[in-house]
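Chemist: To start, I am sharing the structure in question, which I have written as structure tokens.
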Amino acid sequence: MRGTVAHGAAFSKHFAAFTLAPECDDAPGTSAGDDGNAGSSSLVVDVVLNAKDGWDRNLLGDVCNALHLPGSPYASNPSPDTPTRPPLNVVVELIDFTEERLEPVGDAGESPGVCYHPTRLRTRVPTSTDDDDGGWTTWTAAPRVDETPRASTGKGGQKASKGGQKARKDTRAIHFAALLVREFGRDNLRKGRGVVDVAGGSGDLAFQLSVRFGIPCTVVDPRGGGVQLTSRHRRLLASRAANSAAIDDEWLASSPLARQLRREWETFAPDACADHVKALFDERLMFDASTAALIRDCSALVGLHPDQATGAIVDCGLVMGKPWAVVPCCVFPNRHPNRRDASGRVARTTDQLVEHIAGRASGTRRRTLPCDGANEAVWWKPEEGMEGVRQGVGREDWQWPTKPPGVAGKTGGPFQLKALADSLRERQTE
């Protein structure tokens, strides 16, 4: 697959994108390149160079320099005011690559398009010819390692750098938020009151959901003050605004990838801030009209290392028929001797706790997040396993429903919260 670089930019030291136009304009209706994979001459080919595909920062910088991509930290003129159209029509041939289908942007009838992730390509300056083998330069990404990298260790297996370990752990909120969006759908998570982030602490996950993805989010935690923008958050917001501005209208009109990137980066809402409810996450929330409405109208219940609230998230989600997802951490086996793995042993390790949670209902799924520390995510959607919920579920860590004090008659059961909320409102107005 071959073409010339028509648009592109190096957005960071770890990510760049460019669009290839057909190499020859004198053959309408023919494919760009010798193998015919690029489609007709009226089509463009979107290409991504990503650190996740093996392009480390030094190699990526060298390739961006060879492609004359504006914004490269290694380019002679990395000014953000540099036009996105490269000054030279560098010829690029993709040798080894994978294909990614893009999300549709704009009108419903628009084709979503694809982009390509090369692991091996070659470039040629426009003054060279096909007969001039010396004009080609071949670039090969490092082999991709799928397993999570571990922290470096010194003598005796001790951690050589706490900073290195912390940097890897800091990515878990990013990866968990991305998993939630991918598995539950961004539009679904935006419904109602949005996501309830249980034991969200300083708001790392809530920041990713509310600011990065534009998903309403409420942190339920007796501690902290909700989302607090740190200097790292502000740098991220500034970089996303600069990246969005680097995609000009001409590139936007010709490239599905450019449209998707612009949409994702413009989704960032610097003024977005998650709500914060200072309370323990237990069944007592259902005895207050406002928090009961929050639980009833939320789109999902999630927890990233929610400690003692882990079981309550799972119970509440199953009772209420709400999507839930957790990344368990602490186990508390003495407080929860009823939690057992498939062999009947009391869950005393994080792995055993994950196994117990995954067995609470049919349709649960799990995945290891690419970060250090406790990183096993478990999630469930009601449409995938409601019939497999065990009888009596929701009575271990989420002891609702019970009749609230002073409420006459029946509460209506766990799937009829409106009756309970109405009763509570009547009590408050008396």
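None of the figures in this text is laboratory data; all of them are computed from the coordinates on show. This structure is a prediction, so every number in the text was calculated from the model and none was measured. All Cβ positions, glycine included, derive from the backbone under ideal geometry; neighbour counts span all protein chains shown.
Chemist: Which order, highest average first, do 336-346, 286-296 follow once you tally other Cβ atoms within 10 Å for each residue and take the mean per peptide?
Modeler: 286-296, 336-346
Chemist: What is the local net charge at residue 215, summed over the other residues whose Cβ is closer than 12 Å to its Cβ (Lys, Arg +1; Asp, Glu -1)?
Modeler: Taking every Cβ under 12 Å from that of residue 215, the sum is +3.
Chemist: Each residue of segment 304-319 in turn: what ³J(HN,Hα) in whole Hz from Karplus with 6.51, -1.76, 1.60 and θ = phi - 60°, glycine and Pro shown as x?
Modeler: Result, ordered by residue: 9, 6, x, 6, 5, 8, 4, x, 5, 4, 5, 4, 4, x, 6, 5 Hz.
Chemist: Same structure again: I'd like the Karplus ³J(HN,Hα) series for segment 289-303: coefficients 6.51, -1.76, 1.60, θ = phi - 60°, whole numbers in Hz, and an x wherever there's a Gly or Pro.
Modeler: Listing the rounded values in order: 4, 5, 6, 4, 5, 4, 5, 5, 9, 6, 8, 6, 10, 9, x Hz.
Chemist: Order 55-65, 316-326 from most to least packed using the mean count of other Cβ atoms within 10 Å.
Modeler: Highest to lowest by the protection proxy: 316-326, 55-65.
Chemist: Run the numbers on segment 231-357 and let me know its relative contact order in percent, using alpha-carbon pairs under 8 Å that are six or more apart.
Modeler: 14
Chemist: Using 1/(1 + (r/R0)^6) with R0 = 41 angstrom and r between the beta carbons of residue 58 and residue 308, what's the FRET efficiency to the nearest 0.05?
Modeler: Here the calculated transfer efficiency is 0.35.
Chemist: Got a sec? How would 117, 14 order by Cβ neighbour count within 10 Å, fewest to most?
Modeler: Final ranking by Cβ density, sparse to dense: 14, 117.
Chemist: Evaluate E = 1/(1 + (r/R0)^6) for residue 342 and residue 12, where r is the Cβ-Cβ distance and R0 equals 30 Å; express this FRET efficiency to the nearest 0.05.
Modeler: The formula returns an efficiency of 0.10 here.
Chemist: Sorted by mean Cβ packing within 10 Å, highest first, what order do the peptides 246-254, 1-9 take?
Modeler: Per-residue Cβ counts within 10 Å, averaged per peptide and sorted highest first, yield 1-9, 246-254.
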